[in-house]
Amino acid sequence: MPESDASAGQPTPITLLSPGVSIAEAEDPNRPKRVMGFRDLVLFYVVTGISLRWIATAAAAGPSSIVIWIGAWLMFYTPLALSVIELSSRYPHEGGIYVWTKRAFGDFSGFMSAWTYWTCNLPYFPAVLYFAASNALYIRQGAWGHLSNNTSFYIVFSLLALTVATLLNIFGLDVGTWLHNLGAVAMWIPVGIIIAMGAVAWHRYGAATSFTIHSMTPSFHLNDIIFWSVLTYAFAGCETASLMGGEIKNARRAIPWALFIGGVTVTLCYMVGTVSVLLALPASEVGNLQGLMQAISSTAHRVGFEGVIPFAAFLIALSNIGAAGAYLAAVARLPFVAGIDRFLPPAFGALHPRWKTPWVGLLTQFVFGVVFIFLGQAGTSIKGAYDVLVSMGVITYFIPYLYLFAAMFKLQEEPAGPEVIRVPGGKPVAQLVAIVGLFTTTVTIGIALLPPPDEPNKPLAVLKIVGLSGLLVLIGVWIYWAGRKRAARSSAGVPPAT
């Protein structure tokens, strides 16, 4: 550990920021600043916006998923992207959704939006890492294939991947951004592979799936309705980079353009990727956890390109680890700004003395992520654990969106300067966009509460989804009020309780 300025052997003082000061501004002035440039930002939107597991999930539902993709894009992604563009332009500060909600509705709402957004990643990490683990088995399918139903393998893989992602982010954006960028590149290549393989299979053997008006019409069975919420959830994430607004070069201008490019990429990858999987395989042969690799593997064997299988498997695993790392980097800024505002202990608002990163938030996220890796497996199968984690992720992730869209509506009352990028049409259209987003978000949360029909233990699944989601919210309320009391005692000069 480096020595302090006071004297040798003294502990290095931690860096505690004042409200409104970004992490980039707090770094050593003699050390080159590491901020996200435009290219980094586009790649960040890609790695956080695309999850290859949703292509497999959509393909497993058949051709009707294409219509659901379009509906989710119109009813959720478009309102979300427009809201993020305007709010990021109005308030391009560290904290994103926390800053917007706090400005619109006050401290409690700001904290709860940040808390639920932060905790939504607890089930996200094991879910995305389970997907990475299942696809990594294809690197050596003959030797590792028997591990596909081995609980210990999924747990160990998830723990190791989460550890690596956490350490790289603690070392700072200098290191962490490489993982995010590699993950984005690794996200594109498998989609390109499946598109090419689907085209080859279609040309040689014809389409494995029939695309007709009847087959593309969504049904209203329970399983299909639950599926709608999952594809809506797949479009979440375009607000993530705004959490690091203070570490983005020219955030007010960079975020809208990067979000536009990233959004087009995300949408095309999802829709074209789903069609390509269905060209290569019938929906009945596609699974949620390994569907993309099943399509690549099956098509590769048919067209004689078996050598691409381990390469694609490695890239899919890497892309999902990169996505986990990107979310770790972004959401750690939420407890950081909450620590600055004293809603969390001051340590959360401190930077690492050497790497200038919000290391307390990152380590806390890691610890709880480990807990959820084990909790997800309690009393259920690997598929059951994955489904519960996805449902929990939808609920806890979409609660902050209720705040985001409500803030978008409320903040239209504040005047916007000439530098602000507004929603086309101004205040009336912006409020309409917010209402559409609120409606879609509310419906999605309600649907996510329903267990899938094939879940063998429905009461346990519902209990885990509702109970764990409710517990996370209640913990957030308790932490907020405890923080308020601690701040009040500090202001009054009362020493902390022992």
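The values are calculated or read from the model by the stated rules, or taken from the named source; none is laboratory data. Remember, predicted model here, so these are calculated numbers, not experimental data. Glycine also receives a Cβ, built like all others from the backbone with ideal geometry; neighbour counts cover every protein chain displayed.
Assorted remarks:
- Under the condition of being under 22 Å from Glu306 (Cβ atoms) and either in contact with a Pro (Cβ under 9 Å, 6 or more places away or on another chain) or without any contact (Cβ under 8 Å) to a residue 12 or more places away in the chain (or both), the residues counted in segment 104-134 number 0.
- Residues that are assigned to a helix (DSSP H, G or I) and either within 21 Å of Val473 (Cβ to Cβ) or polar (S, T, N, Q) (or both), drawn from segment 60-98: Ser64, Ser65, Thr78, Ser83, Ser88, Ser89, Ile97, Tyr98
- Scanning segment 323-341 for residues being hydroxyl-bearing (Ser, Thr, Tyr) and more than 11 Å from Gln365 (Cα to Cα) gives a total of 0.
- Any pair with Cβ under 6 angstrom, 6 or more apart, that starts in segment 325-349 at a residue that is among the β-branched types (Val, Ile, Thr) and ends at one that is assigned to a helix (DSSP H, G or I): Val331/Trp118; Val331/Asn121; Val337/Tyr98; Ile340/Gly349
- Helices (runs of 4 or more DSSP H) completely within segment 120-236 that count 1 or more residues being surrounded by 14 or more Cβ atoms within 10 Å (Cβ to Cβ), of a type in the set (Val, Ile, Thr) and touching an Asp or Glu at 6+ places or on another chain (Cβ under 7 Å): 173-205
- Residue satisfying condition, being part of a helix (DSSP H, G or I), closer than 24 Å to Ile479 by Cβ, at pLDDT 80 or above and of a type in the set (Phe, Trp, Tyr), within set Phe398, Phe372: Phe398
- Listed conditions (1) more than 16 Å from Ala165 (Cβ to Cβ); (2) part of a helix (DSSP H, G or I); (3) among the aromatic types (Phe, Trp, Tyr) are all met by Tyr327, apart from (1).
- Count of segment 92-119 residues, restricted to those that are surrounded by fewer than 24 Cβ atoms within 10 Å (Cβ to Cβ) and closer than 13 Å to Ala241 by Cα, is 2.
- So Arg53, is it part of a helix (DSSP H, G or I), on the phi < 0 side of the Ramachandran plot and modelled with pLDDT under 85: yes
- Residues in segment 237-279 that are part of a helix (DSSP H, G or I), farther than 20 Å from Ala184 by Cα and either among the charged types (D, E, K, R) or out of contact with any helix residue (DSSP H, G or I) (no Cβ under 6 Å at 6 or more places or on another chain) (or both): Arg252, Arg253, Val275.
- With respect to being over 20 Å from Thr166 (Cβ atoms), touching a Phe, Trp or Tyr at 6+ places or on another chain (Cβ under 6 Å) and among the hydroxyl-bearing types (Ser, Thr, Tyr), Ser113 fits the description.
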